[in-house]
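Since every read-out is calculated from the coordinates, none of them should be taken as a lab result. On a predicted model such as this, the values are computed, not experimentally measured, just so you know. Here the Cβ positions follow ideal geometry from the backbone for every residue, glycine too, while neighbour counts run over all protein chains shown.
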Amino acid sequence: MITLTINNEKYQIDASSETPLLWVLRDHLNLKGSKYSCGIAACGACKVLVDGNAVPSCVLPIASVIDAKITTIEGLGTAEELHPVQKAWIKENVPQCGYCQTGQIITAVSIYDKHDNLKKDEVLSIMNSNICRCGTYDRIKKALDGLF
Ligand code: FES
Ligand code: FES
């Protein structure tokens with residue numbers, strides 16, 4: 001058994017230490033907001049916050065996050081109090097199909113919460129690590145305009 005701290009809850013996970021975190025989130029804990037797409041840390045759809053940093057969970061063995069604070073899209077905000085990034089995404093109606101948007105939002109949150117003194121170009125450069133097949137980049141930029 002491996003103990004993980006996810007969205008401020010402790011979970012006992014019956015899985016190999018090499019199991020990628022994304023598998024545990026989706027298949028063991030039914031937290032399906034983090035998406036599987038490329039599986040090689042290239043698209044960003046599976047990103048979660050690990051101690052505040054946005055990381056691809058598809059390539060992250062659970063052994064490497066035993067002592068970490070993990071936050072998924074499900075743990076970001078509540079219906080009563082959304083995270084400012086979530087509010088900005090709603091205001092600009094960013095998502096199309098929505099598949100990439102967990103990764104987009106998680107990445108923006110990591111910047112907003114930890115690096116809010118970055119220049120806009122630097123923010124956009126970090127956001128470029130997330131791919132959107134629907135091409136919502138213009139709306140993402142508008143949402144970021146309201147945040148940075
Ligand atoms: S599914 Fe993890 S980065 Fe693409
Ligand atoms: S909204 Fe469809 S992939 Fe980004």
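For region 2-75, the share of alpha carbon pairs falling in successive 10 Å distance bins from zero is 22, 63, 15 percent. Assuming charge only on the beta carbon of Lys and Arg (+1) and of Asp and Glu (-1), the dipole of the chain about its Cα centre is about 440 debye to the nearest 20. Of the GluC sites (Glu not before Pro) found in region 78-148, those in coil by DSSP whose Cβ has at most 12 other Cβ atoms within 10 Å are Glu80, Glu81.
Its Kirkwood hydrodynamic radius, worked out from the mean inverse distance over all distinct Cα pairs, puts the chain at 15.5 Å. Partners of Lys32 within straight-line reach, counting lysines whose Cα lies under 17 Å from its Cα and excluding those fewer than 8 residues away in the same chain: Lys47.
R0 = 22 Å: FRET efficiency of Leu82 with Cys38, Cβ-based, nearest 0.05?
Numbers: r = 28 Å, r/R0 = 1.27.
Calculated value: 0.20.
What is the calculated FRET efficiency for Asn30 to Cys134, with r their C-beta to C-beta distance and R₀ = 22 Å, to the nearest 0.05? Computed FRET efficiency for Asn30 and Cys134 comes out at 0.30. Considering only Asn93, Ile106, Ala68, the residue lying farthest towards the positive end of the dipole of region 47-137 is Asn93, judged by Cα position with unit charges set on Cβ. Each residue of region 88-98 is assigned a 3J(HN,Hα), and the resulting list reads 5, 5, 5, 4, 8, 6, 5, x, 10, 6, x Hz, derived from the Karplus form 6.51 cos²θ - 1.76 cosθ + 1.60 (θ = phi - 60°), x at Gly and Pro. As a ratio to 2.2 N^0.38 Å, the alpha-carbon radius of gyration for region 84-145 is 1.00.
Between Ser125 and Asn8, the modelled label-to-label distance comes to 3.5 nm, taking each label 7 Å out from Cα in the direction of the beta carbon.
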